[in-house]
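J.: Please read through the structure below; I'll follow up with questions.
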Amino acid sequence: MTEPVWSIGLMSGTSMDGIDVATVETDGRGHVRRGPGGFFAYDAAFRARIEAGLDDARTMAGRQERPGALGALERDLTLRHAGAVKRFLTDNPGLTPRVIGFHGQTVLHRPDQALTVQLGDGALLARETGVPVVYDMRANDMAHGGQGAPLVPVYHAALAASLPAALRSFPVCFVNIGGISNVTFIPEAGDPVAFDSGPGNALIDQWVQRGGGPSYDEDGRIAAGGGAVEDVVARYLDAPFFDEPAPKSLDRGDFTTDLAQDLSLEDGARTLAAVSAAAILKARAHMPEPPLLWIVCGGGRKNPAIMEDLRRGAGNVRVIAAEEAGFDGDAMEAEAWAYLAVRALNGLPLTFPTTTGCARPVTGGVLVNP
């Protein structure tokens, strides 16, 4: 398949707040035309079920196991994705997707054990929506020695090629600040270099949720009332992970809020925002050369404390939100899954030795038809 087709991407990330839906028209190569998108929030009760599922998942030793409530959770999660697609297509009646790229919900990621689990029944989603589905895109990378993450870099590279002339300053670094942050270093020529850089929003979310607080620090308002405690930031950055060579990836549970436990609510939120930014800046040590432009996407770009720290730490190098480059920082990961689905249909690589550590560039994903 060489002609561009419309594809839908579905992403439920480590923040576990809902389903991002995005569309792209693409050939899986250089043609990328971004289309409409949407967001479908999880209710608080369902989000709590996902969080409980993380505990069940810790007992897993194989990818197909579904201990405890995970089997029922997987079905319900898939049906929520199907409902999101149906509502989205109703709202966009002229759109006829060729394929859906379905990420599912990561509940376990242990790259050292070649084990990654994303809840999501691709066959059920295809039956419910009537659209072919590509899912389980991380497993083949792990089967070839990769970390199974991150998978978005090849899409970042496609976007970098379309940057306006005023922003074409290579190397470019895309930063995605979701629950976990990851970076993609894109040289002017050659394959991208990518890896998880450290905790993103997940620790901040967990911190402000204590005692029944809000689900996240909206617009960094809680952090704005506090100050970063530098010795706590330094203790987080002493973790062995930050000195490990790339490629590398994290599970949502690899970092906790324990080091901040004695801080006030506001100081804790500000300190954990500082940790997120400092971890991203520390990632420069694992890049071939310093980036000349940082493009920030994901929910973390809306936290002024994180962006302030990134800009201050980057010095004279520009740090911009995705929208300043003409992109949608909320939809980018879901767009990537739409793009990856078409690459999978065409047998093109999703991952590279420089992005996940796989032995060679490999494609991936499982295709199921309605």
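The values are calculated or read from the model by the stated rules, or taken from the named source; none is laboratory data. Nothing here was measured: the structure is a model prediction, and the numbers come from that model. We place every Cβ from the backbone using ideal geometry, glycine too, and count neighbours over all the protein chains shown. In case anyone asks, the SASA skips ligands and DNA or RNA and just uses the protein heavy atoms, side chains included. Shrake-Rupley method; radii C 1.70, N 1.55, O 1.52, S 1.80 Å.
J.: Does at least one position in the range 297-307 carry a residue that is among the polar types (S, T, N, Q) and touching a helix residue (DSSP H, G or I) at 6+ places or on another chain (Cβ under 9 Å)?
T.: The answer is yes; a qualifying residue exists.
J.: So which of Arg49, Arg98, Arg33 is in contact with a helix residue (DSSP H, G or I) (Cβ under 7 Å, 6 or more places away or on another chain) and either at positive phi or basic (Lys, Arg) (or both)?
T.: Among Arg49, Arg98, Arg33, only Arg49 is in contact with a helix residue (DSSP H, G or I) (Cβ under 7 Å, 6 or more places away or on another chain) and either at positive phi or basic (Lys, Arg) (or both).
J.: Going through the range 298-324 one residue at a time, which ones are outside any helix (DSSP H, G or I), open to solvent by 30 Å² or more (accessible area, probe 1.4 Å) and touching a residue at least 24 places away in the same chain (Cβ under 8 Å)?
T.: Those that are outside any helix (DSSP H, G or I), open to solvent by 30 Å² or more (accessible area, probe 1.4 Å) and touching a residue at least 24 places away in the same chain (Cβ under 8 Å): Val317, Arg318.
J.: Just the residues that are more than 22 Å from Asp56 (Cα to Cα) and under 19 Å from the mean Cα position of the chain (by Cα), please, taken from the range 103-134.
T.: Val134
J.: With the requirement that a residue be in contact with a Pro (Cβ under 8 Å, 6 or more places away or on another chain) and over 22 Å from Leu124 (Cα atoms), what does the range 30-89 give you?
T.: His31, Arg33, Asp56, Thr59, Met60 - these are the residues of the range 30-89 that are in contact with a Pro (Cβ under 8 Å, 6 or more places away or on another chain) and over 22 Å from Leu124 (Cα atoms).
J.: Oh, and also: I'd like to check something: does the range 325-340 contain any residue that is under 24 Å from Leu151 (Cβ atoms), among the aromatic types (Phe, Trp, Tyr), in contact with a His (Cβ under 7 Å, 6 or more places away or on another chain) and touching a residue at least 12 places away in the same chain (Cβ under 8 Å)?
T.: Yes: one or more hits.
J.: Quick one: which of Leu293, Leu348 is modelled with pLDDT of 95 or more, open to solvent by 20 Å² or more (accessible area, probe 1.4 Å) and at negative phi?
T.: Leu348
J.: Let me ask something else about it. Is it the case, given these coordinates, that Leu10 is within 19 Å of the chain's Cα centre (by Cα) and within 16 Å of Arg343 (Cα to Cα)?
T.: yes
J.: For Phe102, indicate whether it is at pLDDT 95 or above, open to solvent by less than 60 Å² (accessible area, probe 1.4 Å), closer than 21 Å to Arg34 by Cα and in a helix (DSSP H, G or I).
T.: no
J.: A further question follows. Run down Glu266, Glu218, Glu244, Glu230 and say which single residue is closer than 29 Å to Pro353 by Cβ and among the charged types (D, E, K, R).
T.: One residue alone meets the criteria, Glu244.
J.: If a residue must be in a loop (DSSP other than H, G, I, E, B) and among the charged types (D, E, K, R), how many such residues does the range 131-163 contain?
T.: Residues in the range 131-163 being in a loop (DSSP other than H, G, I, E, B) and among the charged types (D, E, K, R): 2 in total.
J.: Then there's this: Is there a residue being crowded, with 17+ Cβ neighbours inside 10 Å and within 19 Å of the chain's Cα centre (by Cα) anywhere in the range 259-271?
T.: No, the range 259-271 contains no residue that is crowded, with 17+ Cβ neighbours inside 10 Å and within 19 Å of the chain's Cα centre (by Cα).
J.: Checking the condition at pLDDT 95 or above and more than 19 Å from Asp330 (Cα to Cα), which residue from Leu10, Leu70 passes?
T.: The match here is Leu70.
J.: Now, a different point. Tell me which residues, restricted to the range 177-189, are open to solvent by 10 Å² or more (accessible area, probe 1.4 Å), in contact (Cβ under 8 Å) with a residue 40 or more places away in the chain and within 21 Å of Arg29 (Cα to Cα).
T.: Once the filter is applied, which keeps residues that are open to solvent by 10 Å² or more (accessible area, probe 1.4 Å), in contact (Cβ under 8 Å) with a residue 40 or more places away in the chain and within 21 Å of Arg29 (Cα to Cα), the range 177-189 yields only Pro187.
J.: Here's a follow-up. Considering only strands (runs of 3 or more DSSP E) fully contained in the range 1-87, which possess at least 3 residues that are open to solvent by 60 Å² or more (accessible area, probe 1.4 Å) and under 20 Å from His103 (Cβ atoms)?
T.: Here the list reads 32-41.
J.: Quick one: would you say Pro93 is crowded, with 22+ Cβ neighbours inside 10 Å, over 22 Å from the mean Cα position of the chain (by Cα) and assigned to a loop (DSSP other than H, G, I, E, B)?
T.: For Pro93, the condition - crowded, with 22+ Cβ neighbours inside 10 Å, over 22 Å from the mean Cα position of the chain (by Cα) and assigned to a loop (DSSP other than H, G, I, E, B) - is not met.
J.: Pairs under 7 Å by beta carbon, first residue in contact (Cβ under 8 Å) with a residue 12 or more places away in the chain and open to solvent by less than 30 Å² (accessible area, probe 1.4 Å) in the range 216-243, partner among the polar types (S, T, N, Q) and assigned to a helix (DSSP H, G or I), six or more apart or different chains?
T.: Listed by first residue and then by second, the contacts come to Val232/Thr271; Val233/Thr271.
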